[in-house]
Amino acid sequence: MRRRTRTLITALVTTAAVLLTAPAPGSGAPPERGSDHPRGSYTVRGLAGRDDLSRLTAAGAAIDYVEHGTVYVTATDRTAAALRAQGLEVTAQAGAGTLVTYPRVDAGYTTYPELLAAVDAIVAAHPGIAKRVSIGRSAENRDLVALKISDNVATDEAEPELLFTANQHAREHLTVEQALYLAKQLTDGYAADPRVTAVVDSREIWIVPMVNPDGVTWDFGASNGRYRNWRLNRQPNADGSVGTDLNRNWGYQWACCPTGSTDIPGDETYHGTAAFSAPETAAIRDFVTSRVVGGKQQIKAHLDIHTYSELVIFPASYSQSPLVPGMAADDRAMFQGLARGMADRNGYVPGQSSIMYIADGEITDWMWFTQHIASFTFEMYPGTPNPGFYPPASVIPAETARNRDALLFLIESADCPYRVSGKETTYCTAADDLSVSTATSGGPVARGAAATVAVTTAVTAGSAQPVTFSVLGLPPGATASFSPATVTAGGSTTLTVTAGASSPQGLFPLTILGNGTQISRSAAYALTVQGSPDCTGTNDTDTAIPDPGTINSVITVTGCAGKANAHSRVEVHIRHDYVGDLTVSLVRPDGVLVPLHRRGGDGYPNIDTPYVVDLSAVNAAGTWRLRVNDAGGSGTGLLDSWTLTL
Ligand code: NO5
Ligand code: CA
Ligand code: CA
Ligand code: ZN
């Protein structure tokens, strides 16, 4: 019990990797006043751990960010006063997202009319694979738009479906950009990029890029040159206030819990008059339940996109227990595996949604516990309260492209989410079934060279079906092809993997997929890409990590000429019972720190991660260090080994 409490309290600070810089200058206006309850952003000090955090949510504050000693919230004046009355130090925030110093309608962010135009442009350019669908109307009667992307888009085919939702919270403008980025990647990349082509051909992908168009329009619509810092929808409440928190309005464990939401209209986490009292959540519910065909929910995976904190999180949100009714150990392992898989690809921190605070009536809980959809939330860039909800539009290209591989990984995994945790034969079944097998590994492949791997299939139930093949987990720059491309189950094929000239060195666990017409089955193959042996080193000395304290472990590279690789790998093996206490960095020969792991990873003991970092600006030869810091609390462990491949 004590251990669990400590873990959760430590988890409060897991997103606080970087200390705050000063608030943005040039602001200082009071929270906006209007007919609605006035509200603003505040910092709160004087808290002591998790129980105090729930005091904030119980009083109706939306927690935006938590760090040692300081919590960033958005709250009505009523909530702020209530917190002050409890003896907390509550300070109106200038900067850190409350009040922006650049033009309000940043031309780079998409407004609702621009969204409609963008969706129509995508459909006009790709009518065979993209379709616009209306799924309902907002409180202010705006059309709630969805995009369907698939081959034969006009036909409801028997393909695994996915749903992406963005912008439940009005001010989280980067999220609509992420949704549009995904739509453009899937359409512009069709027939050009084989990976994109394969998922568009084999999945039906639904994207609702702006769940809360009224809130977005309100947030953009002030006349004082500033954003309104608006979170809620724009539905009028009986007391004259406006707004429901859509992400507290879903119909699973709605209003269950004293600290998960409030029943005070206009509060930042007001849950509405009833589950699905908001037309926006009701519309998505109706859409999702309409995807039950023949008694089976067609949507297998869902991602809800928010900002900010750089997290990949999963149910349960209403409870801080890892296992609750409807979330068995195998389910949890699936969620952890997919969250880890995405986090490995975008550098976010994976963990359970309630890692910081409980949210009830939350979307991923409804998707999972009522529809059995593997449902995740991204909290996108930034990782810190500055720039918080309002980064400049210049970050859009990099911060949306950052998630490309993670999004494709989720889409590719959606036919059988349990594959990631090794349970595909238990949970994913079909009357006509097959197996795929291959050697577990082969010899190393030099950069620019190719290796061949024999892959065989067998019929394990019912009748034989045609099978095509694909590979998950290829290193950057590598390509794969199968000859023949299609077999009838029972037949064999040969996989050829070609490593790119600048592919990273190291060991890559590949998943070879045999995609039948009824079901996909997988086999694991470990691919080793080898560069010059001079450009790699391992330190295998076990080093205890003091609690608290810092260790440095050295690898000296000699004889590796020129610069390191753009995809250099730092493979770290740490045995530790709570990695949420740890910060791990690579120290370059010139002393510059390259962050690898920043505190976090709820529910993931040990680090066994191959970090890929761009070291192309750095001379390879020299003394490299791995720095591991344990911020303390409790939790002990050791650095087992680490390998650097430049
Ligand atoms: C969300 C989480 C449940 C993901 C929420 O800061 S956010 O409001 N985007 N966080 O509280 O609804
Ligand atoms: Ca299709
Ligand atoms: Ca379908
Ligand atoms: Zn949000």
Extend 7 Å from the Cα of Ala192 along its Cα-to-C-beta direction; within region 494-512, residues with backbone N under 19 Å of that point are none
Each label point is 7 Å from the Cα along the Cα-to-Cβ direction; what then is the distance between the points at Thr558 and Ala154, in nm?
-> 7.1 nm
Go through Thr479, Ile207, Ala621 and say which Cα lies farthest out towards the positive end of the charge dipole of the chain; charges sit on Cβ, +1 for Lys and Arg, -1 for Asp and Glu.
-> Ala621
Largest-first principal axis extents, alpha carbons of region 388-443, Å = 51, 35, 17
Average silhouette area of region 351-475, convex hull of alpha-carbon atoms, in square nanometres = 12.7 nm²
How high is the FRET efficiency from Thr636 to Ala393, r the C-beta distance, R0 45 Å, rounded to 0.05?
-> 0.50
Under 5 Å between amide H atoms, partner at least 5 residues away or on a different chain: which partners does Lys563 have, H built in plane at 1.01 Å?
-> Ala620
Given a cut-off of 30 Å, name the pairs among Lys148/Lys296; Lys296/Lys423; Lys184/Lys423 whose C-alpha atoms lie farther apart than that in the structure shown.
-> Lys184/Lys423
Estimated Rh, the chain: Kirkwood, alpha-carbon pairs, angstrom | 25.8 Å
In whole Å, what are the Cα extents of region 115-250 along the three principal axes, biggest one first?
-> 52, 31, 22
Phi angles of region 192-201, converted by Karplus (6.51 cos²θ - 1.76 cosθ + 1.60, θ = phi - 60°) into ³J(HN,Hα) in whole Hz with x for Gly and Pro, give 9, 9, x, 5, 5, 4, 4, 6, 5, 6
Project the alpha carbons of region 104-174 onto their principal axes and report the range along each, largest first, in whole Å.
-> 43, 25, 21
Farthest toward positive dipole pole in the chain [+1 Lys/Arg, -1 Asp/Glu at C-beta], among Pro466, Pro387, Ala339 = Pro387
How high is the FRET efficiency between Asp77 and Gln297 when r is their beta carbon distance and R₀ equals 60 Å, given to the nearest 0.05?
-> 0.90
Under Karplus coefficients 6.51, -1.76 and 1.60, residue-wise ³J(HN,Hα) of region 555-566 in Hz, glycine/proline x = 10, 9, 9, 10, x, 8, 6, x, 7, 6, 7, 5
Region 402-548: relative contact order as a whole-number percent, Cα under 8 Å and 6+ apart | 26 percent
Mind giving me the nanometre distance, one decimal, between the label points for Asp432 and Val324, set 7 Å out from Cα along Cα→Cβ?
-> 4.1 nm
Sorted by chain and then number, the residues having a modelled amide H within less than 5 Å of the amide H of Asp64, at least 5 places away or on another chain, are Tyr72, Val73, Thr74
Can you grab the distance from the C-alpha centre of region 531-593 to the C-alpha centre of region 150-228, Å, no decimals?
-> 38 Å
Can you give me the P(r) profile for region 557-646? Cα pairs, bins 10 angstrom wide beginning at 0, each as a whole percent.
-> 17, 48, 25, 9, 0
About its Cα centre, region 392-498 carries a charge dipole, from +1 on Lys and Arg Cβ atoms and -1 on Asp and Glu Cβ atoms, whose size in debye to the nearest 20 is 300 debye
Karplus ³J(HN,Hα) for region 482-495 (6.51 cos²θ - 1.76 cosθ + 1.60, θ = phi - 60°; Hz, whole; x = Gly/Pro) runs 10, 9, x, 6, 10, 10, 8, 3, x, x, 10, 9, 10, 8
In this structure, the FRET efficiency calculated for Thr460 and Ala526 from their beta-carbon separation, with R0 = 25 Å, to the nearest 0.05, is 0.55
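All of the numbers you see were taken from the coordinates with simple rules; none came from a lab. This is a predicted model, so every value here is computed, not measured. FYI the Cβ positions are ideal-geometry reconstructions off the backbone, even for glycines, and counts take in every protein chain you see.
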